[in-house]
Amino acid sequence: MEINLMKRIANAALKQYNRMVLDHPVIVIVCLMLTIALLAYKAREFKIDASAETLLLENDKDLRYAREINARFGVSDFLVISFSPKAGDLLDTDNLALLGRLRDELADLDLVTSVLTVLDVPLLESPPISYSEFSGTLPTLQTPSVDKALARIELRQSYFYRNLIVSPDLKTTALIVNLQADDRYNELIGERNAFMQKKAQDGLTSQEKSALDDVVRQIGERLDIYRKAQHANIMAIRAIMAKYKSQAELFLGGISMIADDMITYIKSDLGKFGIGVFALLVGMLGIIFRKIRWVVLPMLCCFLSVIAMMGVLGAFGWEVTVISSNFISLQLIITLAIAVHLIVRYREFQAHNPDWDKRMLMLNTIRTKFTPCLYAALTTIAGFGSLLLCDIKPVIHFGWMMSAGILLSLFLTFILFPSGIVLLQKPEAPGDKGAPRFPLTTWLAHLTRDHGTAILVVTVFLSIFSVIGISRLVVENSFIDYFKQSTEIYQGMKVIDQQLGGTTPLDVIVKFDAVDLSAFGDEEEDPFKEEDPFENELQAANDTDKYWFMDSRLETIEKVHDYLDGLPETGKVLSLGTILKIGRRLNKNEPLDSIEMAVLYTKLPDKFKKLILSPYLSIADNETRFSLRIKDSLKDLKRDALLKKMARDLVGRVGLDKDKVRLAGTMVLYNNMLQSLFSSQINTLGFVALALMIMFLILFRSLKVALIALFPNLLSAGAVLGVMGWMNIPLDMMTITIAAISIGIAVDDTIHYIYRFKEEIKTDGDYLATMQRCHDSIGHAMYYTSITIIIGFSILVLSNFWPTIYFGLFTGLAMLIALIAALTLLPQLLIVFKPFGIQGPTTAPEA
């Protein structure tokens, strides 16, 4: 009774579709074009964002802490330019003059607050100066009295300048370009965080919810303005650098530059690969079907679906990020897959029923293909839907984006394609049952028939191979490894990474207990009341400030600094410990005690205090900051393991209290993102499998069929992850989504094959004969769509961005494995378990 009810509903829906679409194709197309024109207008608001903010967990407590630390220590965004003169020595007069002109041009840019170069840093040993000279004007390379021979030694050996301002070989120097912060943006972030914290604790009133929405809107507007200004600033910097490249080798680095270049790559890939995939799909359709209509109509569906989706993104304000940068290729391929299934089925009906008119042919095509296409779309959405369970907004938006795009493609194809067919003249009847024969599907049918047991054995071994490979997977984050070695961004990052102290920023914050001033109330107990030659200088210092520099604290700071500096993964380490080491050199290799350090703090000019002291010390908060840069180009670098080791050793080896030390900065935030994405994706693969299982049960109404349908798809995704594990390719922000996406896309073949098998088995009850008929019919459509998808994704290997390359290669590999599994393992499982309950012949038919 339930089946009859479903059939009546389906027949009523088909009649309604016939009346609304096939009876009025012109009106349907006009309405559709008007809707797409409106969406195309909204597509003007389509945006791309690859800033570091898009790769962070918005609710990450480390993100809020990092913002607090940046504000407390005055840490601002900056760019680094490496400068290597092509002729002469770095410290030659001409090269220093060239460096000065470059510095001055950069300093004139609107978003640049200052530029620090080797010309500007104080030289304390060229010749050596005494403590009494600290309050005066400290010499620099531009001071006439500076001894350049001594300066060369100081720069090469300096704890502060080596690997920061100059390379160890003194052939490369750095220009540190400090960028203007957007104070209003930071204020808005603070307001939003306050609202979010209140929302988590007590909830928000309707007025507060409205205020939060307004703040979020303003953040988007400010960020958009700042991104455009930042891009213009980086372009201006590169234009200035171009003037000097004939005389020096220059490379630009920095987090802002990486984000801006990634946006440039994404824009390039969207256009280049969108057009490339489009052209490949046109070529494939021409080769397969050799009719203009079978090329134009599907590609029109693809093109309009992309335009419409860009309009939807613009309307909702969803920005394309690194993670969602391949949405155009995915949209094109998913839309084409639907259209190809319609074409193949239409041609099959025409070959078997040449007397049917085009309306009848199209109506029967829709009748037999809508249900499997709908369920294929829903299962693909389930794959992308797993991304919604992540904590990263761009990943969530990617899930929503592709889910909406798939529904849009399904709707548009089932409206535009049939309307176009009805308007065109009926095509000539195709020969050979509606499609050209390809030997692969026939060969796979014979392979399954003759070597079914071998297929099952190979499947077992492939499953074991996949499980072991998956156990070898690691999650890693390496900015430098995202780009090909031939690109300028890679070369620049490598120079900075290896010659100028590393690439990825990391902060270590150590907190000290507050000083009990009452303990020093008695002159006899006050260490600063001893008879010392610096008493007059100390009287000018703030009482709290002078007490801060206690010997025990200084000893702890130097121990932490030495530990961090001794790690092979760290490049440049800057902290108060750096000043202590410089002081020791000036103090005849004797360590500075608390009194001497207090004097240094008091007498150091504000200009240089902001450079070498303030960024690493917060007396008011009793905190010191150790600023590290990690060598991103180290091939054996394990970032998550390194962070855990640091946290463990600072407590166990250095002796800090666990609650008095904390890691912060870009490396921590990005690592948190990847670890969160990894755990959420592993967990939600189970959700995807469950969702597919439920859909299979609804579609096929059989637990046995559902299990049979599920296994080949899990195998294809698992095999790809296994290959990545065996090849030591780490999971990153893009490749980590391959499993869920490949399951969602590859499952289409399974649905179409089983749906057709279920229909064909009714003909004679012979499983082997049914398999042969399915391979010769739906097998061709599966072959066309899968090969087209594989070839479409293959164009991504031309990208300069390795995550995009891996995404294309491994998604294509997943589709290839899924196709082979759907045409070998799947039919073999159907033959062995006979889930449709019909007993066919036990012997194979003669070939």
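Data overview
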read-out	value
Residue that is least open to solvent (accessible area, probe 1.4 Å) [pool: residues in the range 262-290 that are in contact with a Leu (Cβ under 9 Å, 6 or more places away or on another chain) and of a type in the set (D, E, K, R)]	ASP269
Filtered residue count, the range 16-34, keeping only those that are closer than 10 Å to ILE415 by Cβ and open to solvent by less than 80 Å² (accessible area, probe 1.4 Å)	7
Subset of the range 244-271 (residues that are among the charged types (D, E, K, R) and free of Cβ contacts under 8 Å to residues at least 24 places away in the same chain)	LYS245
The range 549-593, residues that are of a type in the set (Asp, Glu) and not in a helix (DSSP H, G or I)	GLU569, GLU590, ASP593
Residue in the range 189-210 that is surrounded by 18 or more Cβ atoms within 10 Å (Cβ to Cβ) and part of a loop (DSSP other than H, G, I, E, B) present	no
Some residue of the range 737-748 being at pLDDT 90 or above, part of a helix (DSSP H, G or I) and out of contact with any helix residue (DSSP H, G or I) (no Cβ under 6 Å at 6 or more places or on another chain)	no
Residues satisfying the stated conditions in the range 85-113, i.e. in a strand (DSSP E or B) and surrounded by fewer than 17 Cβ atoms within 10 Å (Cβ to Cβ)	THR113
Test: LEU285 is of a type outside the set (Val, Ile, Thr), within 30 Å of PHE414 (Cβ to Cβ), within 19 Å of the chain's Cα centre (by Cα) and in a helix (DSSP H, G or I)	no
In the range 211-246, the residues that are in contact with a strand residue (DSSP E or B) (Cβ under 7 Å, 6 or more places away or on another chain) and either open to solvent by 30 Å² or more (accessible area, probe 1.4 Å) or among the basic types (Lys, Arg) (or both)	ARG238
Count - residues of the range 476-498 that are surrounded by 22 or more Cβ atoms within 10 Å (Cβ to Cβ) and either in a strand (DSSP E or B) or among the acidic types (Asp, Glu) (or both)	2
LEU14 vs. criteria at pLDDT 85 or above and farther than 29 Å from GLY311 by Cβ	no
Qualifying residue in the range 686-695 (condition: in contact with a Leu (Cβ under 8 Å, 6 or more places away or on another chain), under 30 Å from LYS631 (Cβ atoms) and open to solvent by 10 Å² or more (accessible area, probe 1.4 Å))	no
Enumeration of residues in the range 767-780 that are at pLDDT below 90 and of a type in the set (D, E, K, R)	ASP776
Count - residues of the range 311-356 that are under 20 Å from the mean Cα position of the chain (by Cα) and either among the aliphatic types (A, V, I, L, M) or assigned to a helix (DSSP H, G or I) (or both)	9
Qualifying position, being under 26 Å from ILE328 (Cα atoms) and in contact with a Ser or Thr (Cβ under 8 Å, 6 or more places away or on another chain), among SER386, SER419, SER403	SER386
Matching option when the condition is within 19 Å of MET727 (Cα to Cα), open to solvent by less than 40 Å² (accessible area, probe 1.4 Å), assigned to a helix (DSSP H, G or I) and of a type outside the set (A, V, I, L, M), among GLY779, GLY792, GLY808	GLY808
Residue tally, condition free of Cβ contacts under 8 Å to residues at least 60 places away in the same chain, closer than 21 Å to THR335 by Cβ and charged (D, E, K, R), over the range 347-376	1
Verdict on THR54 being within 42 Å of the chain's Cα centre (by Cα) and either of a type in the set (Asp, Glu) or at pLDDT below 80 (or both)	yes
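The values are calculated or read from the model by the stated rules, or taken from the named source; none is laboratory data. Given the structure is predicted, the values throughout are model-derived calculations rather than measurements. FYI the Cβ positions are ideal-geometry reconstructions off the backbone, even for glycines, and counts take in every protein chain you see. Surface areas here come from the heavy atoms of the whole protein model, side chains and all, with no ligands, DNA or RNA. Shrake-Rupley method; radii C 1.70, N 1.55, O 1.52, S 1.80 Å.
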